[in-house]
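Just so it is clear, none of the values below were taken in a lab; they were calculated from the coordinates. Predicted model, so just to flag it, every value in this text is computed and none were measured. For neighbour counting, all protein chains shown are included, and Cβ atoms are generated from backbone atoms with ideal geometry for every residue, glycine included.
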Amino acid sequence: MTCRRWNAQPFKLPAFPLLRKERIWAARAFQNVGLDYMGPITECDLTDPCKRWIALFTCLATIAIHLEAAKNLMAEQFLHVMRRFIARNGYPTSIVLDNASYFPLVEQVMQNTLAAPITWRFITQFAPRQGGVYERLVGLTKTALHKAVGRRLLDEEELKTLVVECEAIVNSRPLTYVGSAFERILRPVDFLRPQAIIGAQGPVPKMIKACGTQQTDKANCSDH
């Protein structure tokens, strides 16, 4: 008989599952997205403090994000969030999201009103790991917001500005290994706005010349 207390072997890590085709197939930015809400964030209104939420859209191919502030978690407010996202980024082909109560209702409304069909894929209940691709970016965005805001109360305009700036910061992170030479840095923003420089920085490193070109595609494939 083997004493499991002293001779038990560690749990074997299971094989990593294959990535879904939306993660590896070539597609335009925000053609396939993941969606989640984060918050609440306290905003200083004219009378009393109120809560605001942020909708985070994640491009499954480029890992870029798009942030939209929302006043509440009602289905009507989410419908406005979706309309603003589509107006800026075009119709997504598919959306991966959790099972929040307002999402299925908006799905029914949008399927009957939008010109292009959207495939809504809801993850399994109580299994947030299935949405890890956007949950990780929720954590990065929260970290940026908390470091910028701290314990301060923001008014509406300050919150809107900060949300957009946090989006720019997260989209400026490197997707590939950054060595000491800084010869090439591939960022999510390079697929949206090539060679965009966000904020005050030091010497500008060399970046991919153009998004969607053969050089960018080769760099993306070789580093991933």
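General observations
- Here 191, 103 are placed in order of increasing Cβ neighbour count within 10 Å, fewest first, which gives 103, 191.
- Proxy reagent accessibility, fewest Cβ within 10 Å first, across 101, 172: 101, 172
- For the pair residue 23 and residue 123, label points projected 7 Å from Cα toward Cβ lie 1.1 nm apart.
- Look at where the Cα atoms of the stretch 11-64 and of the stretch 133-149 average out, and the two centres are 10 Å apart.
- Cβ-to-Cβ counts within 10 Å put 33, 178 in ascending order as 178, 33, the fewest first.
- Convex hull of the stretch 21-171 built on C-alpha atoms - directionally averaged projected area, nm²: 9.2
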